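Comments concern the structure below.
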Amino acid sequence: MRLPLYQIDAFTGAVFGGNPAAVCPLEGWLEDALLQAIAAENNLSETAFLVPKGPQAEEYALRWFTPLVEVDLCGHATLASAYVVFHFLEPERESVSFHTRSGPLRVTREGDLLAMDFPAWEVSPCEAPATLPTALGGAPQEAFKSRDWLVVYETEAEVRAIRPDMAQLAQPNARGVIVTAPGESCDFVSRFFAPSVGIPEDPVTGSAHCALAPFWAARLGKTRLEARQVSARGGELLCEVRGDRVVISGRAARYLEGAIYV
């Protein structure tokens, strides 16, 4: 069986930055075990699989897999999937709707930006697990919980300096850990760690901004924000909070086109 494969760098305007995602367009769903095996073989933080819904292919079903598990929401692989639709599958399209485990997600082309309409996640103050400061190598100012732990530091330099203990970081009862602080040249910065689902550090995490954008919008008193994820590869995101939704925009760059043989 020959399957098309694209690798797209998301949340960057040039290759070797942002977050690489594999995108596999399919004519119909394969067995889950095979999808997971392909994602493990790709060994990227996410592999996205999309299947057209209906004869006109106006909408797609979309699923995301880490090397270990299927996940409910992934931002950078959604951005990469939309890039593949707009540049390879249906280049005349200006928007596309994906049906996912997190509901319908719409992506619109706005020049060289791709704007994703995502849910906004509530963030609640909480007491972080006792192991978390040790795992991160320093105590944060504040701790919050959404689908992930969200811990706040005072400066961008502190966030950049974190060298986490991944074994300890895999223990907290959450998908992952977001660390964040005010940005020096943007509204806020962040990093994201999810070793429990096979992603030690995610280069750029669109879904984390479902929590980060509302959090910083409330704290800074503004609804449009510029964000940067300060991983080694780094990436830029534009966020706009619209009630219970967040529009997360970014660029993408093609790195690879090929085929999988299974």
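Just a few scattered comments:
- Residues located in the stretch 206-250, provided they are outside any loop (DSSP other than H, G, I, E, B) and either modelled with pLDDT under 95 or of a type in the set (Lys, Arg) (or both): Arg219, Arg224, Arg228, Arg242, Arg245
- Within the stretch 222-258, considering residues that are under 20 Å from Leu44 (Cα atoms) and among the charged types (D, E, K, R), the one surrounded by the most Cβ atoms within 10 Å (Cβ to Cβ): Arg251
- Within the stretch 3-29, considering residues that are part of a strand (DSSP E or B) and of a type in the set (S, T, N, Q), the one nearest to Phe192 (Cα to Cα): Asn19
- Screening Ala135, Ala128 for residues that are in the same structural domain as Ala213 (by TED's automatic domain parsing), of a type in the set (A, V, I, L, M), part of a loop (DSSP other than H, G, I, E, B) and within 28 Å of Pro164 (Cβ to Cβ) leaves exactly one candidate, Ala128.
- Residues of the stretch 146-182 classified as assigned to a strand (DSSP E or B) and either surrounded by fewer than 19 Cβ atoms within 10 Å (Cβ to Cβ) or free of Cβ contacts under 8 Å to residues at least 12 places away in the same chain (or both), total: 1
- Condition check for Val152: in contact with a helix residue (DSSP H, G or I) (Cβ under 6 Å, 6 or more places away or on another chain) and either at pLDDT 95 or above or not charged (D, E, K, R) (or both): no
- Count of the stretch 4-54 residues which are loosely packed, with under 15 Cβ neighbours inside 10 Å and touching a Gly at 6+ places or on another chain (Cβ under 8 Å): 0
- The set of residues in the stretch 91-139 that are under 25 Å from Ala174 (Cβ atoms), in contact (Cβ under 8 Å) with a residue 12 or more places away in the chain and small (Gly, Ala, Ser) comprises Ser102, Gly103, Ala120, Ser124, Ala128, Ala135, Gly137, Gly138.
- The residue list Leu50, Leu35 contains one member that is farther than 19 Å from Arg93 by Cα and either outside any strand (DSSP E or B) or in contact with a Cys (Cβ under 9 Å, 6 or more places away or on another chain) (or both), which is Leu35.
- Residue list for the stretch 1-28, filter: touching a residue at least 24 places away in the same chain (Cβ under 8 Å) and farther than 30 Å from Gln229 by Cα: Met1, Arg2, Leu3, Leu26, Glu27
- Residues in the stretch 98-113 that are buried (at least 16 other Cβ atoms within 10 Å of the Cβ) and touching a Pro at 6+ places or on another chain (Cβ under 8 Å): Phe98, Ser102.
The values are calculated or read from the model by the stated rules, or taken from the named source; none is laboratory data. Just so you know, these numbers come straight off a predicted model, no measurement behind them. For neighbour counting, all protein chains shown are included, and Cβ atoms are generated from backbone atoms with ideal geometry for every residue, glycine included.
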